[in-house]
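The values are calculated or read from the model by the stated rules, or taken from the named source; none is laboratory data. Every value quoted in this text rests on a predicted model; they were computed, and no experiment measured them. Every residue, glycine as well, gets a Cβ built from its backbone with ideal geometry; the counts of neighbours run over all protein chains shown.
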Amino acid sequence: MKVDVHNIAGEKVDSVELPSDIFEVPINVGLMHQAFLRQRANARQVGRKSKTRSDKRGGGAKPWRQKGTGRARHSSRRSPVWVGGGKAHGPAIRNYTKRMPRQMRRAALRCALSEKLIEKGIVVVDKLTVSEAKTKSVNDVLNNLAPEASKYLVLMAHRDDLLVKSVRNLRNASTLHAGYLNVKDLAINDIVIMPLDSLEVIKSYLGSEV
């Protein structure tokens, strides 16, 4: 599929052929959903863990003998019913990590890119560089490329501190290296600004020959 290539002023300057094995694959909603849930689960913060009776120090000796004292029987001073004892049914660390084979993750990413292209959510630009860290200039560029969008994702082929600083102050835009493109960022952003060098990075690891 051929798409238009724009400059930062929003004018068409060329066209580029997008590889069909990345941008024209059958949409598998279940696979994309699985990749989305995996990413959310792996980013989840684990909580705190309280100490149970087995984690508390001490309690090796029985407080008093089993019978003959007239008191209730106890086996350890670290029992939850004792002051300084362990916590019963307290919070525990839980592992939320989900695993997904790399081939499935990449297949889900191809589906997300294909769906984004169908929705006209990919804007290809010849290059996107800034000479100074100025938010207004980047905001003008985004409005030129996609004026009706509410949320932008700007891809980068290499580290660009000036571009990152310029986009950082925009509430409706974010930057991402093309090598870290994922299903979640494609799903939550309306428009993906894709420079030609970022497209080459995507083709390098999502192409059929990889």
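Tell me, which helices (runs of 4 or more DSSP H) lie completely within region 98-210 with 2 or more residues that are without any contact (Cβ under 8 Å) to a residue 60 or more places away in the chain and over 23 Å from residue 26 (Cβ atoms)?
Result: 135-145, 161-168, 196-206.
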Within the group 43, 92, 61, which residue is aliphatic (A, V, I, L, M), more than 30 Å from residue 21 (Cα to Cα), surrounded by fewer than 17 Cβ atoms within 10 Å (Cβ to Cβ) and free of Cβ contacts under 8 Å to residues at least 24 places away in the same chain?
-> 61
Just one listed residue, out of 114, 131, is at pLDDT below 95, hydroxyl-bearing (Ser, Thr, Tyr) and more than 18 Å from the chain's Cα centre (by Cα), and it is 131
Taking residue 1 as the residue in question, decide whether it is in contact with a strand residue (DSSP E or B) (Cβ under 8 Å, 6 or more places away or on another chain) and either over 18 Å from residue 183 (Cβ atoms) or in contact (Cβ under 8 Å) with a residue 60 or more places away in the chain (or both).
-> yes
Output yes when any residue across region 180-191 is touching a helix residue (DSSP H, G or I) at 6+ places or on another chain (Cβ under 8 Å), acidic (Asp, Glu), on the phi < 0 side of the Ramachandran plot and modelled with pLDDT under 95, and no when none is.
-> no
Residue within region 112-130 that is loosely packed, with under 11 Cβ neighbours inside 10 Å, on the phi < 0 side of the Ramachandran plot, among the β-branched types (Val, Ile, Thr) and not assigned by TED's automatic domain parsing to the domain that holds residue 190 present | no
Of the residues 22, 8, 27, which is surrounded by 17 or more Cβ atoms within 10 Å (Cβ to Cβ), assigned to a loop (DSSP other than H, G, I, E, B) and among the aliphatic types (A, V, I, L, M)?
-> 8
